Amino acid sequence: MPMNIAYLSQHQAIFLNTWHFFIFAVLAVSLLRAFCRGIVKRLIVSVLNLYFLFYFVGDGYSFAVLLGFVVLTYGIGEIRFRWETKLPGWVPFLLTVFCWGFLILAKNPNLVSPVNVFRLYPIRIVGISYMVFRCMHYMLDAAMIEKRRMGTLLNYVVFFPTLLAGPIERYENFQAYYEQDKLLDPESVLPALHRIANGVIKKFLIADTLASLQLCRPDRSAELLWIGMFLQLAILYWDFSGYCDIVIGLSRLFRMKLCENFNKPWLARNVQEFWERWHISLTSLIRDYCFNPISVMIVRRVKPARQFPLIVLAYFFTMMLIAFWHGTTMGFFWFGLIHGTMLVLSQCTKHYILPRLGASARTKWMDGLLWVTFRRVVTYAWISPTLLLWRWGPETTWEMLQTMIGMK
Amino acid sequence: MIHDDVQTIFRTIFRNPNLVITDDMDADDVEAWDSLSHINMIVEVERHFGISFRNSEIARLQCVGDLKALIQKKKPELA
């Protein structure tokens, strides 16, 4: 998630736990239960989305840029669908670079400032990373999407439950919901409400309470910093997964089944597994549209003996992209660098060391409960300090680490 | 034919000579099925069947059944 501060931004959090949001959600569910068919339903979804969007988009100019980007996405989708076989093979690559360029330049107007148009005309759109990625997914998949409608695309990009922090649903999943005319199965209501209640407890009771203690600040003592540092990942998990629980539960009340964003990340035995279990809708999108095309090209074109170093570089590059998606400050750069290096080490271990152990040794040692638990703890411990970089940047993080080990 | 050939490829790529594939099998069901072995498997399937997948087709593959259906679509004569 895009966080220049830790956890969800104040704007998002303030909105989610207000009566305003509660009334809005109840109204949305009631309206969509009463009018669940045809054009009336689509009209209601559109009005709800636009209301929510206007609340968060800062000004008319930002709104126009967003709308223009969606129209451009639709146009590119039409071109790709109609003339896919005649278009050069590098078009998907160009579109991917375009979307990443747009996102990074819009998020950081000071980056390459002489040529960055957003320096003169900055846009203020909460959740822009999610919207641009939905557009990128549509552009790249458009050649295979049979039913393409401008209205459906616009509502997909700005669907209000997922507008602020995902999950990043795939277009055709949204389309199946948006264009269906079915009532909610009564048996689904209780599980949906249960999911929302879980989310409220995780986000507002556990995560916000622990975050309010502010244990992990540069002015804290070494002892508090140690506790705070190791609590960060847990707080972030409760915060973000709690948010997703609310969104997924709310969407279930609209009869929409959103994808899951977390799969027990604390069970990850290495960094690669962590990213396969954390913010899955983002990492799977980056895997599908960035890592996979690069890796397929390498495996198709490069001799087997030379493939591994290049694939490892692809892993590193993908991790840098994940970091830059979250933010473009030096903190995120170092975060990507460290996680990318950890991914490289993980791949090298798999490639060079594990095959030499033999199958029986691997089963005995690598899959044993004690060793697996140790690896899980080490993975958690490795990732925890890197989160300091997100919030505090490299200099302050270094000072905090010095305090923790008694060098300051 | 497609099923048996895909199973042979899976056994080789995922280094499991006893692996039995099913249509609903996905990456969660096979220990060695990670992002890298997935790519190796895809390219091996391409080579074996003499076909080529687009990136958007690869992105849509969720399970073994999807892969078999895609091969079938590209090579209808194998039905």
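Anything over 31 Å Cα to Cα? Flag those among A:Lys264/A:Lys408; A:Lys257/A:Lys350; A:Lys86/A:Lys107; A:Lys203/A:Lys257; A:Lys107/A:Lys203; A:Lys203/A:Lys408, in the order listed. A:Lys264/A:Lys408; A:Lys257/A:Lys350; A:Lys86/A:Lys107; A:Lys203/A:Lys408, as the Cα separations exceed 31 Å there.
A straight chain from A:Leu313 to A:Arg33 at 0.36 nm per residue would run longer than the Cα-Cα distance by 95.8 nm. When its C-alpha radius of gyration is set against 2.2 N^0.38 Å (N residues), the stretch B:2-78 gives a value of 0.99.
Scaling the Cα radius of gyration of chain A by the globular reference 2.2 N^0.38 Å produces a ratio of 1.04.
A straight chain from A:Trp83 to A:Asp185 at 0.36 nm per residue would run longer than the Cα-Cα distance by 32.6 nm.
Counting every other Cβ atom within 10 Å of each residue's Cβ, A:Ser62, B:Ser52, A:Ser46 order from fewest to most as B:Ser52, A:Ser46, A:Ser62. Averaged over the residues of peptide A:284-294, the number of Cβ atoms from other protein chains lying within 10 Å of each residue's Cβ is 3.
Between A:Val302 and A:Ala234, the FRET efficiency estimated from the beta carbon spacing at R0 = 35 angstrom works out to 0.25.
Would you list the membrane-span-like helices of chain A, meaning whole DSSP H runs whose alpha-carbon atoms span at least 18 Å along their axis and whose mean Kyte-Doolittle value is at least 0.0? Span-like helices, by this rule, are A:19-34, A:38-56, A:60-83, A:91-107, A:128-141, A:186-200, A:222-253, A:304-326, A:330-348, A:369-404. Placing a label point 7 Å from the Cα of B:Thr12 along the Cα-to-Cβ direction, the residues of the stretch A:305-340 whose backbone N falls under 20 Å of that point are A:305-308.
For chain A, the relative contact order is 19 percent, taking Cα pairs closer than 8 Å that sit 6 or more residues apart in sequence and dividing their mean separation by the residue count. Mind checking which aspartates and glutamates have their C-alpha under 19 Å from A:Lys202, skipping anything on the same chain fewer than 8 residues away? The reachable aspartates and glutamates, counting only those whose Cα sits under 19 Å from A:Lys202, are A:Asp239, A:Asp245, A:Glu260.
Expressed in Å, the radius of gyration and Dmax of the Cα atoms of the stretch A:302-408 are 17.1, 51.
Centre-to-centre, using Cα atoms only, the stretch A:236-286 and the stretch A:62-132 are separated by 25 Å.
With the cut-off at under 16 Å, measuring from each backbone N in the stretch A:111-126 to a point 7 Å along the Cα-to-Cβ line of A:Tyr55 picks out A:126. Take the Cβ atoms of A:Ser212 and B:Glu77, set R0 to 51 Å, and the FRET efficiency comes out at 0.20. Farthest towards the positive end of the charge dipole of the stretch A:131-215, among the residues A:Ser188, A:Phe159, A:Met144, is the Cα of A:Phe159, using unit charges on the Cβ of Lys, Arg, Asp and Glu. Relative to one another, the C-alpha centroids of the stretch B:16-79 and the stretch A:144-174 are positioned 27 Å apart. Looking at the stretch A:51-138, the chymotrypsin sites (Phe, Trp or Tyr not before Pro) that sit in a DSSP loop and have at most 10 other Cβ atoms within 10 Å of their own Cβ are A:Trp90.
Values in this text are rule-based calculations from the coordinates and carry no lab data. Computed from a predicted model, the values in this text were never measured in an experiment. When we count neighbours, we look across all protein chains shown, and the Cβ atoms used for this are built from the backbone with ideal geometry, even at glycine.
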